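Here's the structure we're looking at; comments come further down.
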Amino acid sequence: EKIPDKLAVDIGAYSPELGYSYSEIAGMSRSQHRSQAMGTAERKGAVINYFVTDRGDKATKDIFDNINFGWSRLEGGAEIARLLSQAIAAFSPAHPEALLPILAKVRPLMATLAAAGKDPLVEHKLVALDETIALAGGVTVDAVSDKPAVIPGATLKVTLTAIARNPGQVTLLGAKFLGMGGLPAPTVAPKVLILNKPIEYPINVKVPDAEPYSQPYWLALPKDSAMYTVPDQMEVGNPENAAVLSAEFHLRVEGIPITLKRPVERRYVDRVYGERTRPLAIVPPVSLDLGEIALVFPNSQPRRIEIPVRSNAGRVAGEIRLDVPAGWTVDPAMQRFDLQASQEQTIASFRLAPPAGESQGSVRAVATVGERVIESNTRVIDYPHIHAQTLFPPSQARVVRSDIVTLARSVGYITGAGDEVPEALRQMGSEVTLLSPEDLARGDLSKYDAIVTGVRAFNTRPDLRLNYQRLFKYAEEGGTLVVQYNTPEGNGLARSTAQPPEASTLAHVGPYPIKTGRDRVTIEEAPVTFPNPNSVLLHRPNEITARDFEGWVQERGLNFASEWDPRYQSVLESHDPGEKPLLGGELYTRYGKGAYIFSSYDWFRELPAGVPGAYRLFANMLSAAKVQ
């Protein structure tokens with residue numbers, strides 16, 4: 001369809017400064033979205049996109065027609081623009097210090113505009129200008145902690161360092177700490193830096209007793225349904241918290257006064273990655289790990305609950321208890337712990353007994369160390385491509401008492417992209433074995449009552465794709481085979497010719513043809529109906545009713561089958577409001593003496609969340625070959 005007055009923009013334009021086209025950069029960006037399998041080609045060459053003006057002034061040559069985003073839009077900014085253009089023209093990579101006389105003229109002009117407060121972006125530009133002056137003068141400053149984490153009331157050593165490595169006079173005028181209230185200013189006497197010789201100031205810093213833990217701002221309060229609760233809306237959009245402690249350095253570079261701010265962080269050497277840094281974190285004296293999935297009791301039998309108590313601060317002693325819902329009992333009521341300096345962790349063990357009837361609630365582990373009460377775990381998310389993130393999930397777990405019957409006592413599980421379903425099946429009463437490539441190729445599969453493929457297992461396990469016939473033979477001889485959701489190859493973008501076709505990964509997810517689609521049900525409250533109400537999966541060993549679809553989290557399911565062989569029977573139907581009915585979320589067929597089930601409902605979310613209906617539905621799938 002021809003669209004009049006459309007504006008053509010080449011988003012594949014090449015940037016000589018970056019050395020890439022913007023479409024290449026887009027491919028790099030998408031390929032970093034690894035948790036969602038978004039790997040994309042880095043496309044070179046022209047890529048024309050079209051824009052149509054919906055309202056407002058119409059762009060005719062460029063999407064930024066008549067938009068002034070330069071310094072001249074601010075009163076007094078024209079001279080800044082002129083000087084910066086002069087600096088760019090004069091820049092010599094071999095002698096960046098030659099820029100300093102020009103930048104010396106820019107700084108007071110920019111500082112005056114920043115002080116006027118008419119445009120907050122000027123403040124950011126002033127910070128960038130000071131960093132540019134520091135780079136031109138070869139100036140580096142650091143604030144390094146002797147430890148990555150510290151508890152309130154404790155002391156850490158912070159070493160402030162400054163060095164100048166380009167010719168020219170650089171004077172360190174002073175420094176101060178930011179982020180923690182009440183800290184005295186460090187004793188840093190003014191000193192002219194000697195070329196290429198660092199100067200260091202080791203300073204002991206006592207963390208205030210009332211200093212809060214460095215919980216990410218979006219996790220500080222409980223969620224409001226599926227939304228994070230952020231009291232200060234000005235924080236929304238920040239990728240992470242401000243540093244818990246920073247050092248502000250005041251310097252003069254060739255007569256130019258500048259301010260440089262650096263977070264206090266731990267610097268260390270990794271034997272693989274080399275020098276690394278880690279942000280300083282304020283942590284509680286101990287952490288309590290109650291696990292991350294719900295505790296489900298399929299009957300009234302008590303269970304031993306073991307809670308690792310880990311020290312975050314050397315030797316620490318205290319007591320720990322479990323707060324449980326009404327009707328539940330815990331023994332003992334309290335346990336003492338005393339972690340020595342050389343002992344990193346101990347285990348607190350409790351006997352938790354559920355009531356006889358249906359019950360849901362939460363259990364919380366609470367430790368007391370002196371006057372401080374701790375109700376959280378301490379987790380560090382640490383990957384090579386991001387700063388380490390320290391967070392404090394509550395030491396709380398959902399507890400569920402509900403009658404759940406499974407006839408599959410022994411389950412083989414083929415892990416895929418990673419999920420917590422195996423532990424959930426163990427809580428159901430099944431013995432779960434994680435199947436290795438050797439098991440799939442040569443192991444005795446007949447000893448399992450059911451075999452389950454995990455989330456995206458066909459996408460991620462070549463050994464599974466190679467041995468699919470052994471799994472179908474296992475089902476044919478009397479076993480139950482359950483296949484959870486997989487992702488169709490491709491990501492909705494233009495597919496590279498080098499990318500294998502879907503048939504190479506999902507051609508054999510079922511004994512009869514199944515085509516995996518992208519249909520999903522995003523509303524977790526969407527009604528679920530039974531297109532084949534007499535299906536054995538709805539009645540044995542657990543009777544399934546509408547109640548079993550209450551309390552689901554996040555969504556119903558994803559990547560439903562879009563086409564399937566008529567020998568499959570659809571078990572469930574659900575769809576988002578106003579959309580077409582989706583019958584491909586759970587398919588069942590008898591296969592020889594056994595049973596095969598394809599199910600893209602999101603058990604990997606519902607089972608860890610302790611949804612009792614999801615447990616009953618999954619138990620029926622595991623038991624299919626024994627009840628058909």
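The values are calculated or read from the model by the stated rules, or taken from the named source; none is laboratory data. Small disclaimer: the values here were computed from a predicted structure and weren't measured. In this analysis, Cβ positions are derived from the backbone assuming ideal geometry, glycine residues included, and neighbour counts consider all displayed protein chains. Only protein heavy atoms, including side chains, enter the accessible area calculation; ligands, DNA and RNA are left aside. Shrake-Rupley method; radii C 1.70, N 1.55, O 1.52, S 1.80 Å.
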Looking only at the stretch 336-346, filter to residues that are closer than 15 Å to Gly370 by Cα and of a type outside the set (A, V, I, L, M); which one of those is surrounded by the fewest Cβ atoms within 10 Å (Cβ to Cβ)? Arg336
Restricting the search to the stretch 522-542, which residues are among the aliphatic types (A, V, I, L, M) and open to solvent by 50 Å² or more (accessible area, probe 1.4 Å)? Ile523
Sort out which residues of the stretch 558-579 are within 20 Å of Ala546 (Cα to Cα), free of Cβ contacts under 8 Å to residues at least 40 places away in the same chain and open to solvent by 80 Å² or more (accessible area, probe 1.4 Å), and write them in order of number. none
In this structure, is Ala333 open to solvent by 40 Å² or more (accessible area, probe 1.4 Å), closer than 30 Å to Lys157 by Cα and hydrophobic (A, V, I, L, M, F, W, C)? no
So, in the stretch 301-354, how many residues would count as being farther than 30 Å from Ile404 by Cβ and of a type in the set (D, E, K, R)? 6
Which is assigned to a loop (DSSP other than H, G, I, E, B), modelled with pLDDT of 95 or more and crowded, with 19+ Cβ neighbours inside 10 Å, of Asp519, Asp548? Asp519
Restricting attention to the stretch 230-242, does a residue exist that is in contact with a Ser or Thr (Cβ under 9 Å, 6 or more places away or on another chain) and open to solvent by less than 20 Å² (accessible area, probe 1.4 Å)? no
Filtering the stretch 586-628 down to residues that are open to solvent by 10 Å² or more (accessible area, probe 1.4 Å), of a type in the set (Phe, Trp, Tyr) and either free of Cβ contacts under 8 Å to residues at least 60 places away in the same chain or not in a helix (DSSP H, G or I) (or both) yields Tyr588, Tyr591
Considering the stretch 136-167 alone, what residues qualify as being exposed (fewer than 15 other Cβ atoms within 10 Å of the Cβ) and touching a helix residue (DSSP H, G or I) at 6+ places or on another chain (Cβ under 7 Å)? Pro167
Residue count for the stretch 218-229, restricted to those that are assigned to a helix (DSSP H, G or I) and either open to solvent by 70 Å² or more (accessible area, probe 1.4 Å) or out of contact with any Pro (no Cβ under 9 Å at 6 or more places or on another chain) (or both): 1
Determine whether Ile80 is part of a loop (DSSP other than H, G, I, E, B) and closer than 30 Å to Met234 by Cα. no
Out of all the residues in the stretch 19-40, is one or more open to solvent by 50 Å² or more (accessible area, probe 1.4 Å) and more than 29 Å from the chain's Cα centre (by Cα)? no
More than 34 Å from the chain's Cα centre (by Cα), open to solvent by less than 20 Å² (accessible area, probe 1.4 Å) and modelled with pLDDT of 95 or more: does that describe Ala475? yes
Could you grab the pairs with beta carbons closer than 6 Å, sequence gap of 6+ or different chains, first residue in the stretch 42-70 and under 30 Å from Ile80 (Cα atoms) and in a loop (DSSP other than H, G, I, E, B), second one open to solvent by less than 80 Å² (accessible area, probe 1.4 Å) and not hydrophobic (A, V, I, L, M, F, W, C)? Ala59/Asp65
Here are some residues: Val421, Val363. Which one is crowded, with 19+ Cβ neighbours inside 10 Å and over 17 Å from Thr480 (Cα atoms)? Val363
Which ones in the stretch 382-414 are over 30 Å from Leu322 (Cβ atoms), part of a strand (DSSP E or B) and not hydroxyl-bearing (Ser, Thr, Tyr)? Gly412, Ile414
